[in-house]
Amino acid sequence: MKKFAYFPGCSMDSTAVTYKASLEYVAGRIGLELKEIPDWNCCGSTAAHTKNEKLAYSLAARNIAIAEDTYPDLDIVTPCAACYSRLAYAKHAAEDEFTRQEIERIIKRPFKGKKEILNFLDVFSQEDVMQACKENMVRDLSGLKIACYYGCLMSRPRKITKAEDIENPMQMDKIIELTGATAVEWDFKTECCGASHQVDAPRQSRPLIERIFRNAKANGAQAIVTACPLCNMNLDMREKEINEMFSKKYDIPVFQFTEILAIGMGAGAKTSGIHQHFWPAFDLINGVLRANFGKAGK
Amino acid sequence: MEKILNRKEGKLLAERIAREADVKLHECYQCGKCSAGCPMADAMDLMPRQIVHLMQLGDMTEVMKSKSIWLCASCHTCVERCPHSIDIPTLMEKSRMEAQRRGICAVRDVRLFNDIFMETVRGFGKSQEVILEGAYNVTSGHFFQDMKNVPKMLQKEIVRPELNQVNAVNEVRDIMKECEKGGANR
Amino acid sequence: MARIGVFICHCGTNIAATVDVEAVAAAAREFPNVAFATTYKYMCSEPGQAMIKESIEDYNLDRIVIASCSPRMHELTFRKMLKGTKINPYMLEIANIREQCAWVHTDRAKATEKAIDHVKMAVAKVGKDKPLTTSTIPITKRALVIGGGIAGIQAALDIADAGFDVTIVEKEPSIGGHMVMLDKTFPTMDCSACISTPKMVDAGAHPNITLKTSCEVEKVEGYVGNFEVTIKEKAKYVNHDLCTGCGLCQTKCPTKVPSEFNQGIGTRPAIYIPFAQAVPSKPVIDPTCCLKLTKDKCGICEKVCPLQAINYKDETKYTTEKYGAIVVATGYELVDWAKMYPEYGGGKYADVITGLQFERLVNASGPTEGHIVRPSDGKEPKDVVIVKCVGSRDQNKGKSYCSRACCMYSAKHAHQILDKIPGSNVYIFYMDVRTPGKGYEEFYDNTRADGAQYIRGRVSKIFKEGDKLICKGEDTLLGKQVTVEADMVILATAMEPAANIADVAGKLGISIDSDRWVTEAHPKLRPVETQTGGVFLCGTCQGPKDIPDTVAQAGAAAAKVMALLNHDEMETSPMISSVDQTKCSGCGYCVEVCPYKAISLIQVPGRDGNRKVTKTVADVNSGLCQGCGCCAATCRTGCIDLKGYTNEQILKEVDALCQ
Amino acid sequence: MSVKTNENWEPKILAFCCNWCTYTGADLAGLNRMKYPENVRVIRVPCSSRVNPQFILRAFQKGCDGVLVCGCHPGDCHYATGNYFTRRRFMLMQRLLEYNGIDPKRFQAKWISGSEAAKFRDTVTKVSAEIKALGPNTKFAEPHFTEGGDK
């Protein structure tokens, strides 16, 4: 149906297995063709731009340059919020002709920087993609209350992301509601989860995760859904630790939005990836599906 | 220590950083909305607002000595809510680069993590979460951090032992070399 | 042969220090037609003027050039001086050798050379000056006030008391504006309604005042002293001549929509009197929600009305009337904070309210009868947060200006909460506390004594957890993040001009600034006048202000109107366009470019050889023409010229310079 | 006729300034004691739209080296719309002059408000320097001879 140049990012090949599996499943179902950018490299993430501005632009720009060459007609899509941000920054930097030429000199490739950079929320909230998802729904997740967590980098800074609403975005809410699930109104959609500092400044950044769980719970969410490998891992992997650290009893599984879509489209636990979570997620989904099973016929 | 305001050794540096970040320092009237919404503020020794104020005073020494510039998560909450759209993350970032050039670093671990991250990229062209975490734990001395999760990761096939590498890894190395020319971090 | 006198001013040392005035005088004596040239210490002083007058007599001068300060400074002074001589006041040119010469240059030789050039150009121009006489136009002794808030009411009362007819045009069904919504007024804590409703009644009953509610200005034509204004009266669907205001209809109406007067807290019916003390106290039907008018159902009000005053077929009416002066008092609205601040919930929390909503909550005649309760659940709030500068002092999200009244009304709100709810806590997040007014600082002191906790910092986020609204701020004096778990939040929301101000300003030909506030003619010396003659302003249409300032300004505007209407006729500037109709080809280009619609095409008898014909020519209305000269530069045959700045005069200046 | 290459040569520049904005701005520059080159002479007009293209042609004809037309910013005209006409009129004018071999730098239209004294100073300084660099205008000028011939 639609084709994109695809920049997976480093996490997609390692920790984000569930995202990868569910994305591939959903893309297959709705006919989304993702053409991986050949021999892509790390976008530099947070580390590069804290050290060296030119390096940050250039690492990201190499990938865009390859895509420009290989898939001249396709927009670039990336599953990771950090990659999205870095690629979009590089595109923004290229608006300045002097910087663009400097980047070309460094990466030794032609670099126009005109391609659209999209994240998967952008793609899935396109009307025809949404329609295709809707048509492929076979299960009903009614009753499941979800807090959609967008994180920082897909919203901010606005000059890079061109996001409509940076405090209360609605793209993901609309997408997951295709499954019948309810997106709850909550206030930490775009608050930082501190992922970039969880390794090097854990003591200072763990409370950020706790605040997100707290607000999600206070607003009645049973699950949190993300659209980024880093956000997802940060919340999912550390939920247990947070409970111990802050003496809390959060029981809020953390999904990728593609997992929820995959389940709605009929994927099993393995295919959707929900058996691979750190914090157990199977029971919640199973419970919802069982409760809805009787109603399905009507 | 008493601060003598009319000695403005860091004034030029502060002004240059502000210019590069496209910030008009005088616009800040210290409302504190940045710091109020900053997720990392609790861990910072100087509030983001105070960083801007020190730059207004031209006191870059104190800015570069602070932990705050290393703890900024670049989440951009401050700049979006600021009444004058003051780009604090970029001020922080540029101050951090200046501090690095002078060998000042108040939060060693952050710098270490960034260095290791970039070295794995230099080595493979892609970041390697396993090597990254391992190397960081060894060099930082936080040996067991996040280690509880490793067995589970392997068991659930979340992390596979094989490494990802860019074929044209030399190309990436060249880019890094080129960018590091003429002063490591400019 | 012209006999020109040239008078060069030293202006103390202001000019003489940089310009060799004697050399200028010597040079001037050599210019053609100059009969006399001299210098003097201060030309504008009384002895200076006397010296000029004597010289006119002694040397039989018929026109003069004065080389001195800017003509913007003393042109009028010297014209007045000439009134007492044999020379026409317009036979005068000023050479600006102070502001645009002595003060901006340091090289004495070059400055002197420039001063000589300036005098040369003025001499060249004055040679072609012609005597001009002012004409007069009659003045319509009636005033129109646009806006029926406290500013408009006060201005109308003052003008009416002076004996002139006044019409108030108000777009809402009642006059009263925002002041009548308020509960108490700072710093005296007078009951706002108690002091404003008598004024509303006075305005309604005044023999010289006509109220036109539910009306808007549709079109304005004419000029100072002679405006012709078309007023659009929206359909009320109730015949106010028959209606006695018994109010039966509104008790029976089944429709309920949010009440504008109560700021959305509480409802009103579709046929409604906006509030109890409304003037006129007669209902109107809101056609956007009335069942009869939208769906042709219901019709209950018509059935219950004992006087058959309901008329569903009522239509918009237009009337045109003449006025001599117009007062703009269109007031303010609150900014739409919900659109600007998603981080404060963007309007999704019922208990995050504006200051004006709080006024209705705390008002004894409001929807809660003065009980301060949360709009969401009717519970009494114990911990209240007030956030200042919402929408103001915020270039990024709102307006850059200070909204001026918020510091005081926030202090008032804090005082009221602490007074009415025992054991309550009020936290006020502020950046600066601005209290420049009589008794204002003392009021702020008292509010702190009442127990209001002032915290210096802007709130970054307001979100809900459970029953509480969590407000996150920084106490910038501590340098620490602080959080208040509040029951209710009041946002001190900024004022902005009325939504349709650009439209009104366009019709009146007055200017508005980038924030849409109406621009006064001079910020210090002409604060209630606009650039357009006969149009005055008062109140918050000019900028945020509190009630005392508004009322004072209304009085000032009224005084200006009275001064104008007190004359039977007025002088007009003679420096306007005139058409040489013998040369005019009637192309009409001038008609199109004139910003004042002062030029029209008329038919005049003319001659084509021996034949008598009628020909079309341009004609200038001297009352409308403001003397911009655009037509003169547009005219293809050169038949329109601007008196005082004729083509010939300016070309002479150009030639003089280039000699 | 030889082109004057005297280093002390000062251009003759004529500025038409509208009474309400630029003339006021120029007065303000004086009030603030700002300094700018002496070679600009101001003619006061009620509105920049009063300036007839004929005036400009005459100035160039008579050997003026540069002409400046200044008025209120578009949208801020004291006479509501006058400066829009100025803008259109002089965009054409500049192209016409260019077509006739007059460097467009010799004829410029600028918007300077009554409060922009510094802008007036900067504009005059810049235009003066530009025209000085261009040298004397000889295009339409009627040849005029200086005392003792021009060598």
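The values are calculated or read from the model by the stated rules, or taken from the named source; none is laboratory data. Fair warning: this is a prediction, and the values are worked out from it, not measured in the lab. So basically every Cβ, Gly included, is an ideal-geometry build from the backbone, and we count neighbours across all protein chains shown.
Below is a table of values for the structure above.
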read-out	value
Residue ranges of strands (runs of 3 or more DSSP E) in the stretch C:509-627 with at least 3 members within 12 Å of the chain's Cα centre (by Cα) and either surrounded by 15 or more Cβ atoms within 10 Å (Cβ to Cβ) or at negative phi (or both)	C:535-537
Strands (runs of 3 or more DSSP E) enclosed by the stretch C:1-113 - at least 1 residues per element that are over 24 Å from D:Thr22 (Cβ atoms) and β-branched (Val, Ile, Thr)	C:4-9, C:34-40, C:63-68
Unmet criterion (only one of (1) in contact with a His (Cβ under 9 Å, 6 or more places away or on another chain); (2) surrounded by 21 or more Cβ atoms within 10 Å (Cβ to Cβ)) for C:Asp450	(2)
Condition check for C:Ile490: among the hydrophobic types (A, V, I, L, M, F, W, C), touching a residue at least 12 places away in the same chain (Cβ under 8 Å) and part of a loop (DSSP other than H, G, I, E, B)	no
Search result, residues across the stretch B:28-49 that are more than 8 Å from every other protein chain (Cβ to nearest Cβ) and more than 17 Å from the chain's Cα centre (by Cα)	B:Cys28
Residue among A:Glu104, A:Glu95, A:Glu33 that is closer than 21 Å to A:Lys159 by Cβ and acidic (Asp, Glu)	A:Glu95
Filter pass, C:Ala449 being small (Gly, Ala, Ser), assigned to a helix (DSSP H, G or I), within 25 Å of C:Gly346 (Cα to Cα) and away from every other protein chain (no Cβ under 14 Å)	no
Contacts under 7 angstrom Cβ, first residue in the stretch C:598-620 being closer than 26 Å to D:Thr81 by Cα, partner at pLDDT below 85 and surrounded by 14 or more Cβ atoms within 10 Å (Cβ to Cβ), 6 or more apart	C:Ala598/C:Leu624
Any chance A:Asp236 is more than 12 Å from every other protein chain (Cβ to nearest Cβ), within 28 Å of A:Ala88 (Cα to Cα), among the acidic types (Asp, Glu) and not in a loop (DSSP other than H, G, I, E, B)	no
Matching residues, the stretch C:616-636, being more than 9 Å from chain D (Cβ to nearest Cβ) and at pLDDT below 90	C:Asn621, C:Ser622, C:Gly623, C:Leu624, C:Cys625, C:Arg636
Considering residues of the stretch B:6-42 that are part of a loop (DSSP other than H, G, I, E, B) and charged (D, E, K, R) only, the residue surrounded by the most Cβ atoms within 10 Å (Cβ to Cβ)	B:Lys8
Qualifying positions in the stretch B:110-135 - at pLDDT below 80 and assigned to a helix (DSSP H, G or I)	B:Glu129, B:Val130, B:Ile131, B:Leu132, B:Glu133, B:Gly134, B:Ala135
Residue that is modelled with the lowest pLDDT [pool: residues in the stretch B:149-168 that are more than 8 Å from every other protein chain (Cβ to nearest Cβ) and out of contact with any helix residue (DSSP H, G or I) (no Cβ under 6 Å at 6 or more places or on another chain)]	B:Pro161
Unique match (being more than 21 Å from B:Ala73 (Cα to Cα), more than 14 Å from chain B (Cβ to nearest Cβ) and in contact with an Asp or Glu (Cβ under 7 Å, 6 or more places away or on another chain)) among A:Lys115, A:Lys35, A:Lys91	A:Lys115
Residue in the stretch D:44-53 that is closer than 21 Å to C:Gly627 by Cα and part of a strand (DSSP E or B) present	yes
Hits in the stretch C:638-656 - residues which are among the small types (Gly, Ala, Ser) and either modelled with pLDDT of 95 or more or crowded, with 18+ Cβ neighbours inside 10 Å (or both)	C:Gly644, C:Ala656
Members of the stretch C:628-652 found to be part of a loop (DSSP other than H, G, I, E, B) and closer than 25 Å to C:Arg79 by Cα, listed by number	C:Cys628, C:Gly629, C:Lys643, C:Gly644, C:Tyr645, C:Thr646
Index of the failed condition, A:Gly268 passing every other in (1) away from chain B (no Cβ under 14 Å); (2) surrounded by fewer than 20 Cβ atoms within 10 Å (Cβ to Cβ); (3) within 22 Å of A:Thr182 (Cβ to Cβ)	(3)
Pairs where the first residue, in the stretch D:46-63, is more than 7 Å from every other protein chain (Cβ to nearest Cβ) and the second is assigned to a helix (DSSP H, G or I), C-beta under 6 Å, 6+ apart	D:Ser48/D:Asn83; D:Ser48/D:Thr86; D:Pro53/D:Met93
Residues of the stretch B:50-93 satisfying the condition of being farther than 28 Å from C:Pro342 by Cα, part of a loop (DSSP other than H, G, I, E, B) and away from chain A (no Cβ under 11 Å)	B:Gly58, B:Asp59, B:Ser66
Selected residue (criterion: surrounded by the most Cβ atoms within 10 Å (Cβ to Cβ)) from residues of the stretch C:116-127 that are over 40 Å from the mean Cα position of the chain (by Cα) and more than 7 Å from chain D (Cβ to nearest Cβ)	C:Val123
Complete set of residues in the stretch A:3-30 that are within 14 Å of chain B (Cβ to nearest Cβ), outside any helix (DSSP H, G or I) and touching a residue at least 24 places away in the same chain (Cβ under 8 Å)	A:Phe7, A:Pro8, A:Gly9, A:Thr15, A:Ala16
Residue check, D:Arg89 more than 8 Å from every other protein chain (Cβ to nearest Cβ), in a helix (DSSP H, G or I) and charged (D, E, K, R)	no
Selection from the stretch B:106-139 of residues that are over 17 Å from B:Gln165 (Cα atoms), out of contact with any Asp or Glu (no Cβ under 7 Å at 6 or more places or on another chain) and of a type in the set (D, E, K, R)	B:Arg108, B:Arg111, B:Asp115
Residue within the stretch C:74-94 that is crowded, with 22+ Cβ neighbours inside 10 Å and over 24 Å from C:Ala50 (Cα atoms) present	no
Qualifying position, being under 30 Å from B:Glu133 (Cα atoms), surrounded by fewer than 24 Cβ atoms within 10 Å (Cβ to Cβ) and not small (Gly, Ala, Ser), among A:Leu153, A:Leu118, A:Leu178	A:Leu118
Selected residue (only one of A:Asp251, A:Asp173 is more than 13 Å from chain B (Cβ to nearest Cβ) and part of a loop (DSSP other than H, G, I, E, B))	A:Asp251
Hits in the stretch C:355-407 (condition: of a type in the set (A, V, I, L, M, F, W, C), within 14 Å of chain B (Cβ to nearest Cβ) and in a loop (DSSP other than H, G, I, E, B))	C:Cys402
Members of the stretch D:44-79 found to be surrounded by fewer than 21 Cβ atoms within 10 Å (Cβ to Cβ) and of a type in the set (A, V, I, L, M, F, W, C), listed by number	D:Leu57
